[in-house]
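Trainee: Sharing a structure here in structure tokens format.
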Amino acid sequence: MEIPHSADASGPPTEPESSGFHARLNLLLPGFKSVRAFATASGVSQTGLQRLLNGGEPTLSTLVALARAAQVSIEWLATGDGPMRHDATPLAPVAAPVCYDTLGNPVDLDEFVFIPRFNLQASAGYGSSSEAEKPLFSMAFRRYWVNNYLHANPRDLSVISVKGDSMEGVLNERDVILLNHADTQPRHGLYVLRINNDLVVKRIQPLPGGRLQVSSANESYLPFELDLGQIGQDVAIVGRVLWFGRQI
């Protein structure tokens, strides 16, 4: 006696359904020995791949690398639309560009933000011209640190250097400083100011009567006051200093 079948066992297997990118990505894992093997095949760091498996969103280049490594449709992996695999000859795996640290470990570039380093000097003295604002290169900072410790938007940040000795002991000449250009409300702290066409880095403190005290760490430089009504005219608050780096 034959047992009836509801479907032809020789037919193509039904493609699994998934509700999101990370779910579809998890469906591909059985095709590899481990997460590490999948990461190696795709050229994505193991940390980065694990983040995607846990719900992270991929960049376009990462999406392409993962789809090629698993030999699935890029459209299916990205959106869930269309067939999971093409009937044509499978795509040959193409190694995505991978960066490595000095020990040879792969580095996930998505874990970093690249902040422009401008060819500008904020004078810790009597002023440094700010006419030529040109980025020299970018400096890498961990995205997690920027988001969770600085609580800043990377798009609002830039790096410049310090010149002069008026802030000696706090900020020294040739230090590099990270500025938040979104933080321009005057409050107590270290700020870069644009006075006329000069940049200065100073400690500021709001005073009663709409005044702003601007002071240095070096007692050889006397403090002075600005009228807050000048802000936006001859004076501008460029941004708050969030971090500095120094060569020993």
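Trainee: Could you work out how far apart the two model spin labels at residue 222 and residue 185 are, taking each label as a point 7 Å from the Cα in the direction of the beta carbon, and quote it in nm?
Mentor: 3.3
Trainee: State, in angstrom, two size descriptors of the stretch 113-245 derived from its alpha carbons: Rg to one decimal place and Dmax to the nearest whole number.
Mentor: Both quantities, over Cα of the stretch 113-245: 14.3, 42 Å.
Trainee: Where the centroid of each part is defined by its Cα atoms, how far is the stretch 183-248 from the stretch 38-73 in Å?
Mentor: 46
Coordinate-derived values only; no laboratory data. The shown structure was predicted, so the numbers you read here are calculated from the model rather than taken from an experiment. Cβ coordinates were reconstructed from backbone atoms using ideal geometry, including for glycine residues, and neighbour counts include every protein chain displayed.
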